[in-house]
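Beneath this line is the structure, given in structure tokens, with notes to follow.
The values are calculated or read from the model by the stated rules, or taken from the named source; none is laboratory data. Here the structure is a predicted model, which is why all the values come from computation and not from measurement. Counting neighbours? That spans all protein chains shown, and the Cβs are built from the backbone with ideal geometry, glycine included. To get the accessible areas, we keep the full protein, side chains included, count just its heavy atoms, and leave off ligands, DNA and RNA. Shrake-Rupley method; radii C 1.70, N 1.55, O 1.52, S 1.80 Å.
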Amino acid sequence: MPTPTPTTSAATTATTPAVEPKPKPQPTPAMPTPTPTGSAATSAPSAPVEVTCREERLDITTEWHALGTAKLRKYVTSEQVERRIPLVRERVRVERIPVSDAERATLTDKEIAEAVEEVTLREEHPIIRKYVAPVERVRLIVERYTTEEVVRDELRRERVEFHDSTTADPDPTTPATNGARPDSLRPFS
């Protein structure tokens with residue numbers, strides 16, 4: 001089997017249309033670095049060339065933000081109240097009673113003299129005492145509830161197309177430019 005000469009390789013290279021250069025992947029420990037041992041036509045096939053495609057994905061988490069504060073503030077107000085309470089008051093009423101015959105004999109022995117009789121009159125006064133009585137307890141209870149929110153964002157994705165100048169044009173209706181067949185681009189799946 002004859003070995004192709006460097007001129008054949010140069011002729012094939014000359015007919016290959018100019019393709020935008022793609023960055024070569026950096027060699028990793030898993031990919032051996034090809035070592036040049038001679039011309040490209042006479043050397044053994046090198047390790048496969050590969051491209052890693054990446055895409056953006058959403059990683060949605062939540063975090064707490066302060067929404068505001070809720071406070072319980074106790075304050076004092078005053079209001080006028082009115083209560084009706086019964087109060088007892090003493091008063092004097094003069095009553096004149098005629099002396100009976102039995103009393104008259106005992107009373108006539110006394111001399112006529114001046115006398116003062118005194119009665120103390122009393123009345124009730126309201127005594128107002130204020131006291132503090134607990135009425136109710138008021139609590140702030142924090143409750144959690146769940147709502148749904150739609151998150152929209154734009155994600156980028158890397159895709160790969162490959163160019164193969166050795167295959168025929170799959171669509172013969174495509175017009176050729178300058179007698180050369182257009183390069184076919186196929187998505188790489």
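Using a 7 Å offset from the Cα along the Cα-to-Cβ direction at both residue 165 and residue 107, what is the distance between the two label points in nm, to one decimal?
15.7 nm
Taking only protein heavy atoms into account and a 1.4 Å probe, give the accessible area per residue of region 82-138 in Å².
Normalised by residue count, the accessible surface of region 82-138 is 127 Å².
Given the whole protein assembly as supplied and a 1.4 Å probe, what does the accessible area of residue 107 come to in Å², nearest 10?
The accessible area of residue 107 comes to roughly 90 Å².
Can you figure out the FRET efficiency of residue 127 with residue 91, using R₀ = 22 Å and their beta-carbon distance, to the nearest 0.05?
That gives a FRET efficiency of 0.55.
So, R0 is 30 Å and r is the distance between the beta-carbons of residue 57 and residue 142; what FRET efficiency does that work out to, to 0.05?
In this case the efficiency is close to 0.30.
What are the ³J(HN,Hα) couplings of region 92-101, residue after residue, when phi is run through the Karplus curve with 6.51, -1.76, 1.60 and θ = phi - 60°? Round to Hz, x for glycine and proline.
9, 10, 8, 10, 10, 10, x, 7, 7, 5
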